[in-house]
1. Taking amide hydrogens as modeled 1.01 Å from N in the peptide plane, which residues meet the under 5 Å criterion relative to A:Gly18, leaving out close sequence neighbours?
2. Please average, across the residues of B:44-50, the number of beta carbons from any other chain that are within 10 Å of each residue's own beta carbon, and give a whole number.
3. Hey, got a sec? Which trypsin sites (Lys or Arg not before Pro) in the range A:68-155 land in a DSSP loop and have at most 15 other Cβ atoms within 10 Å?
4. Restrict the search to the range B:1-74; then list the trypsin sites (Lys or Arg not before Pro) that DSSP places in a loop and that have at most 11 other Cβ atoms within 10 Å of their Cβ.
5. Can you give the translational diffusion coefficient of the range B:109-155 in µm²/s, computed by Stokes-Einstein from the Kirkwood radius over Cα pairs at 20 °C and 1.002 mPa s?
6. Nm distances between the label at A:Leu119 and the same-position labels in the remaining copies, 7 Å along Cα→Cβ, shortest first?
7. Between the label point of B:Gly108 and that of the same position in each other copy, find the distances and list them shortest first in nm, with every label point placed 7 Å from Cα along the Cα-to-C-beta direction.
8. At 37 °C and 0.692 mPa s, what whole-number value in µm²/s does Stokes-Einstein give for the translational diffusion of chain B, with Rh from the Kirkwood sum over Cα pairs?
Protein chains: 2
Amino acid sequence: MSQVFQDHYPENVAHCYGCGRLNELGLQIRTVWEGDESVTRFLPRPEHLAMPGYVYGGLLASLLDCHGTGTAAAAMYRQEGRAMDTEPAFRFVTASLRVDYLAPTPMGVELEIRGRVKLIKGRRVVVEATLHAQGKATVRGEVVAVQMPESFLSP
Amino acid sequence: MSQVFQDHYPENVAHCYGCGRLNELGLQIRTVWEGDESVTRFLPRPEHLAMPGYVYGGLLASLLDCHGTGTAAAAMYRQEGRAMDTEPAFRFVTASLRVDYLAPTPMGVELEIRGRVKLIKGRRVVVEATLHAQGKATVRGEVVAVQMPESFLSP
C-alpha cells in the first residue's frame, strides 16, 4: 500500500489543483507520516516567485492548505485504526487557513513542510505546520479542516 | 495614467506569480479603486479546481494575498496624496494572511474581491477583503502587509 496520503483520495475528489493526483497542471503534492509528523516536500517551479530569488507567498499558503487537509484525512484513519486503503474514504476541505510569513523563502531549493495534528473533534481537524527551506523555518500556518460531506465522495 | 495598481509596480518587483504583470505564467491580477473599496476581478482557469465544479482554496488565498498587498500600496499613495506613477514607489509583502472559507466557490464565473483598508500604521497596512461569486460572499480574509525594504526597490 502506498504511504502517500493523496494516493488514497477517491477518484472523484482527486482533481484538486494543490493535491489531486489527477490534476495534470496542478502541484500534485505528496504527504507521508514520519512518526507523529506529516511531511510534504516540494520544489517550486521557476514561475512560482514573489520577486527574483524568493518564493511566492500564495504558493506557500497553497502548500500548507493541502498539506493540512491531507494530514487531517490521514489522522482520521489513524484515529480509527484503519489503513488508508480501506472504506469509507476520508477527504477534508479547508474551513480556515492562517499563514504567518516569518522570513523570505528562497527559490531553487526543495521545501519541507512538517505538520502536527493539534485537535480532532467530530468532523473537524486542526493541523499546525511549519515550512522549512534549507533547514530554516520561513512560514508557519494553521489549517482548520472539515470532513467533506459523504455526498461528494460517492462514486 | 493607468488606474490599475499593479501597472505601477517597479519592474524589478513586478514578477510576482500572483500579481506581477511581467510573470507570463502567473495570475496577473489587476486591482482598481471603486470609491473606498479596492476591487479585483478574476476568472479562474479550468485547472484551478478543488473538486469538479468548485474553485481551489489555495487559489482563493492567493487572490486575497495579492489583492491585499496591492491595496496596501495604493492606500499609501492615497494617504500621501500622491499619484501611483510618482516616486518613490510603494511595494508591499505579506506578513500574515487569514482566510475563512464561508461556502464553496463555483467554477466558471468571474470572481470579485472587494477590499477595505482597516489600518495604516507606519510601514504596516491591514486589508480586509471579501470574495464574491455571482453576488454571494464565499471567502473572507485579512492580509497584514508590510512595506518592502527600499533596497529591493532600487533599480
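1. A:Leu27
2. Values: counts 1, 2, 1, 7, 6, 6, 14.
Across B:44-50, the average partner-chain Cβ count within 10 Å equals 5.
3. Numbers: sites: A:Arg78, A:Arg82, A:Arg91, A:Arg98, A:Arg114, A:Arg116, A:Lys118, A:Lys121, A:Arg123, A:Arg124, A:Lys136, A:Arg140; in loops: A:Arg82, A:Arg91, A:Arg123.
Sites meeting the loop and neighbour criteria: A:Arg82, A:Arg123.
4. Numbers: sites: B:Arg21, B:Arg30, B:Arg41; in loops: B:Arg21, B:Arg30.
Answer by residue number: there is no such site.
5. Working: Rh = 12.4 Å.
D, rounded to a whole number, is 172 µm²/s.
6. The answer, with the shortest distance listed first, is 2.3 nm.
7. 4.5
8. On the way: Rh = 15.6 Å.
Here the translational diffusion coefficient equals 211 µm²/s.
Any read-out appearing in this document is the output of simple, stated calculations on the displayed coordinates, not a laboratory observation. Because the structure is predicted, anything quoted here is derived from the model rather than measured. Positions of Cβ are generated from backbone atoms using ideal geometry, with glycine treated the same way; all protein chains shown enter the neighbour counts.
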